[in-house]
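Okay, so here's the structure we're looking at.
The values are calculated or read from the model by the stated rules, or taken from the named source; none is laboratory data. Remember, predicted model here, so these are calculated numbers, not experimental data. Because the Cβ atoms are built from the backbone with ideal geometry, glycine has one as well, and the counts that use them run over all protein chains shown.
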Amino acid sequence: MHHCRVDVHAGAPARPSNVRLYRESDQQAVRVQWDAPVRSPHVPVETYSVELRKDDNQYWQYLDTVRPTAQNFCQYEADQLEPGTYVFRVIPFNHVGAGPPAISPAAQLQ
């Protein structure tokens, strides 16, 4: 019976970890980096969906799908951004479905 919880989590991937933002020298670009999920590493992530939300907008805007690399982290560069405050989220996917999203710190562009 005590294995029940593990079996449930053997499905969709866990939340990606350590989402961080880097400002590029070009002020209109932000590089988003994140690490693979720390919890349940035995559940592979096939793709990550990167989304963006600006200021008080309630809707997330899909940017791109990123495949995991051999490195310990993945990244995506968002460019041509208008001035404002942005938050990014990264959603892990595998053949079972979507895992919980990881939310980035806010980035403010002048």
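Tabulated results
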read-out	value
Test: residue in region 24-33 that is surrounded by fewer than 13 Cβ atoms within 10 Å (Cβ to Cβ), assigned to a helix (DSSP H, G or I) and either of a type in the set (D, E) or modelled with pLDDT of 95 or more (or both)	no
Per-region count, region 29-64, residues within 17 Å of S104 (Cβ to Cβ), touching a strand residue (DSSP E or B) at 6+ places or on another chain (Cβ under 8 Å) and among the polar types (S, T, N, Q)	3
Among residues of region 60-74, those that are modelled with pLDDT of 95 or more and either over 16 Å from the mean Cα position of the chain (by Cα) or not acidic (D, E) (or both), counted	6
Filter result for P105 (crowded, with 17+ Cβ neighbours inside 10 Å, touching a residue at least 24 places away in the same chain (Cβ under 8 Å) and outside any strand (DSSP E or B))	no
Only one of N94, N18 that is at pLDDT 90 or above and either surrounded by 14 or more Cβ atoms within 10 Å (Cβ to Cβ) or touching a Lys or Arg at 6+ places or on another chain (Cβ under 9 Å) (or both)	N94
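So that you can scan it fast, the table gives a plain yes or no per residue for (1) touching a residue at least 60 places away in the same chain (Cβ under 8 Å); (2) on the phi > 0 side of the Ramachandran plot; (3) outside any strand (DSSP E or B):
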{"residue": "N57", "(1), (2), (3)": "no, no, yes"}
{"residue": "T85", "(1), (2), (3)": "no, no, no"}
{"residue": "F88", "(1), (2), (3)": "yes, no, no"}
{"residue": "P92", "(1), (2), (3)": "yes, no, no"}
